[in-house]
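The values are calculated or read from the model by the stated rules, or taken from the named source; none is laboratory data. In this text the structure is predicted, and so the values were computed from the model without any measurement. As a convention, Cβ positions derive from the backbone with ideal geometry for all residues, glycine included, and neighbour counts pool all protein chains shown. Each accessible area value is taken on the protein alone, full model and side chains, heavy atoms only, with ligands, DNA and RNA left out. Shrake-Rupley method; radii C 1.70, N 1.55, O 1.52, S 1.80 Å.
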Amino acid sequence: MDFYKIFELLMKQMNSMREMDFDALYPYVSRICEFLRVAKITSTRYANPRLEALNRGDVLIAYDSGKPCVEAINKRMITEMMSIVSCRVYIEAGAEPWTDEEVGRINLLVDTTAVYVSRSRVQQAAERYAFFDDDGYHNLRFYIKNLQKMGQSGKLNGKAALNFNLKHFSLVNQQIGRQGGSFVMFRFFKGIEELLGDKGLVCRMGGDNFVAVCSKEMLPPLLDYLSGRAIVYDEVSGDRIMVSASVGVYEIPENFRFNDSGDILDKIIAAVTVAKTSGKSDVVYFSKEMGERKERMSRMQRLFPDALRNEEFQVFYQPKIDIVTGELIGAEALCRWFHDDKLISPNDFIPLLEQGIDICRLDFYMLDHVCRDIRRWLDEGRKVVRVSVNLSRKHMLDVDLLEHILEIVDRNNVPHSLIEMELTETTTDVEFKDLKRVVSGLQRAGISTSVDDFGMGYSSLNLIKEVPWNVLKIDKSFLPVEDDDESSTRSVMFRYVVAMAKELGLECIAEGVETPQQVKVLMDNHCDLAQGYFFDKPLPMREFEKRLDVHHYEMSAETNS
Ligand code: C2E
Ligand code: CA
Ligand code: CA
């Protein structure tokens, strides 16, 4: 084989490699060296001229035949990164000197390799910048690159991947200032790097959101660290602040087949989301059920637009009754999904829709259909009652919510007094403000509002006092059951909630009334309005129209006694 043929192969190999890898080049370099009677090539890289003067550089032996030799060529080059490469070429001791042609070829080899070395150094430097964020943390790109590298070589198997979010970090910022907060976060992060050493790595996704991967034995100490560490933020006073995290973990199985780093990220993000929202545990492991939930979720998202277009959702009406007079006084609109001739209960799709914003489209669809029904009932001369429609909390982000609601009601030419919106309780201050804005707006427009599921969530008396509600819907979990006597907690609570609602001038309705005993409890406590299976389940529209026409429920002697 001639020199240029081998040289071409060497160039090809160089161009195909993204990273400097002299082992891969060695077969070609050694062939060329044998061909040109080169006994040894070394190249020394000095970071700057000062270190060159001190002869402090990294020596790389590109080729060594092992034979005794003498230095014949010494080339010095300045690379694009402003470092210095000195390349020495040795000839076998006692050999014929090189011909001019040979010297020309050796120079070509040396120059080409130098260009390659400096180019890959530029690339390494560029990558070094690309793998850190502006605050000096390893970034997500670095994490993904490492997952890929480990995944492709099977080294992820048996390891643990984590996604964690610092808890209440905005409070830390509030307490010690943003700069102090940044300092604490970096220290907390460095602590993890130190803990993991070469047994794992940790990167920042952004904000207070981090990802990590580590060996199995490092998982317990890492989780212990994340459960809470006091970080010193003032060296002088020694003042410390507690930092902890919500964590999602995926224990990568031994037989794991790596496709894409996205698979792993999806899993740890799903797990940390549960950790952050369930409020049960700060550490959540990814499970098969979570995968299935995700599966159901994406199926739902696929089916939803067509289901809405094809009117697969139907409004069912559950009557509300005045138990003193037996009169039908209202109804709640509840959604039913008929898909492939099967009825799907709201509990199986509403929570999934609530993870995205599809729930908002469904609520508007429900309101629109309710308004159409009411308009028709009015036109048919029926005695119409007020109908309540559920409004998911997701709507609170919609600044034009009020306009949307009024547009639907007015388009259908329905009197505002016949519509009520049911909203559930809220937990945070931000939402509280939005809730107050929405409820006040509805109030001004003459649309009633009710606090749904009162007592289920985080019940704040402020929420009741400061927002102009019309109705309080007491959740069924507050209703005394069979064995509860008058002094049981449930009975006492129920009594006080009804009294409080009346005191605040709110209508009060009990949900989930199932038995005559419960009707009696309502009567005894002057809670006059009820909704529940005892009277009716949610009914298909035609069925409900019959109730509208009768408009009255027979109260049995048993409950009246
Ligand atoms: P919710 O708003 O609290 O509705 C009351 C639920 O209690 C309804 O369940 C109703 O069928 C059920 N229920 C009524 N009376 C009784 C009773 O006596 N005993 C018992 N055990 N249950 C009773 P449903 O229709 O399955 O709806 C479940 C939840 O789904 C609703 O709870 C509501 O949060 C949600 N939902 C239903 N339709 C819609 C909708 O159009 N939009 C939104 N955002 N949520 C909806
Ligand atoms: Ca409701
Ligand atoms: Ca409810």
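Looking only at residues in the range 304-340 that are in contact with a Ser or Thr (Cβ under 9 Å, 6 or more places away or on another chain) and in a strand (DSSP E or B), which one is farthest from ligand 2 (Cβ to nearest atom)?
Our first condition is that a residue be in contact with a Ser or Thr (Cβ under 9 Å, 6 or more places away or on another chain); within the range 304-340, this holds for 320, 323, 330-333, 336-337.
In the following step, the residues that additionally are in a strand (DSSP E or B) were identified as 320, 330-333, 336-337.
On the way: Lys320: 11, Gly330: 12, Ala331: 11, Glu332: 6, Ala333: 9, Arg336: 14, Trp337: 17 Å.
Across the range 304-340, the extreme among qualifying residues is Trp337.
Taking the conditions exactly as written (of a type outside the set (Lys, Arg), without any contact (Cβ under 8 Å) to a residue 40 or more places away in the chain and crowded, with 17+ Cβ neighbours inside 10 Å), does Tyr233 satisfy them or not? Can you show your working first?
Details: of a type outside the set (Lys, Arg): yes; without any contact (Cβ under 8 Å) to a residue 40 or more places away in the chain: no; crowded, with 17+ Cβ neighbours inside 10 Å: yes.
When the stated conditions are applied, Tyr233 does not pass them.
In the range 476-516, what residues are among the polar types (S, T, N, Q) and surrounded by fewer than 16 Cβ atoms within 10 Å (Cβ to Cβ)? Give the derivation first.
As a first pass, look at the range 476-516 and keep what is among the polar types (S, T, N, Q): 477, 487-489, 491, 515.
Correct list: Ser477, Ser487, Ser488, Thr489, Thr515.
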Val384 at negative phi and in a loop (DSSP other than H, G, I, E, B)
yes
Filtering the range 35-54 for residues that are surrounded by 16 or more Cβ atoms within 10 Å (Cβ to Cβ), of a type outside the set (Asp, Glu) and within 9 Å of Ile84 (Cα to Cα) leaves a count of 3
Matching residues in the range 342-384 - criterion: being among the acidic types (Asp, Glu), within 15 Å of Met541 (Cα to Cα) and exposed (fewer than 15 other Cβ atoms within 10 Å of the Cβ)
Glu380
The condition of being at negative phi and at pLDDT 85 or above holds, among Val103, Val122, Val115, Val85, only for Val103
Here are some conditions: (1) hydroxyl-bearing (Ser, Thr, Tyr); (2) at pLDDT below 90; (3) within 14 Å of the chain's Cα centre (by Cα). Ser281 meets all but one. Which one does it not meet?
(3)
Would you call Val467 within 14 Å of ligand 3 (Cβ to nearest atom) and under 37 Å from the mean Cα position of the chain (by Cα)?
no
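Does the range 158-178 hold any residues that are within 30 Å of Phe256 (Cα to Cα) and not in a strand (DSSP E or B), and which are they?
Gly158, Lys159
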With criteria (1) open to solvent by less than 30 Å² (accessible area, probe 1.4 Å); (2) within 16 Å of ligand 1 (Cβ to nearest atom), Met456 comes up short on (1)
Please tell me if Phe316 is more than 30 Å from Phe164 (Cβ to Cβ) and near ligand 1 (Cβ under 10 Å from one of its atoms).
yes
Being more than 16 Å from ligand 1 (Cβ to nearest atom) and free of Cβ contacts under 8 Å to residues at least 40 places away in the same chain narrows Pro305, Pro351 down to just Pro305
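Could you identify the single residue in Val492, Val521, Val481, Val451 that is free of Cβ contacts under 8 Å to residues at least 60 places away in the same chain and either within 14 Å of ligand 3 (Cβ to nearest atom) or in contact with an Asp or Glu (Cβ under 6 Å, 6 or more places away or on another chain) (or both)? Step through it out loud before you land on a result.
Working: Val492 fails: either within 14 Å of ligand 3 (Cβ to nearest atom) or in contact with an Asp or Glu (Cβ under 6 Å, 6 or more places away or on another chain) (or both); Val521 fails: either within 14 Å of ligand 3 (Cβ to nearest atom) or in contact with an Asp or Glu (Cβ under 6 Å, 6 or more places away or on another chain) (or both); Val481 fails: either within 14 Å of ligand 3 (Cβ to nearest atom) or in contact with an Asp or Glu (Cβ under 6 Å, 6 or more places away or on another chain) (or both).
Of Val492, Val521, Val481, Val451, the one residue that is free of Cβ contacts under 8 Å to residues at least 60 places away in the same chain and either within 14 Å of ligand 3 (Cβ to nearest atom) or in contact with an Asp or Glu (Cβ under 6 Å, 6 or more places away or on another chain) (or both) is Val451.
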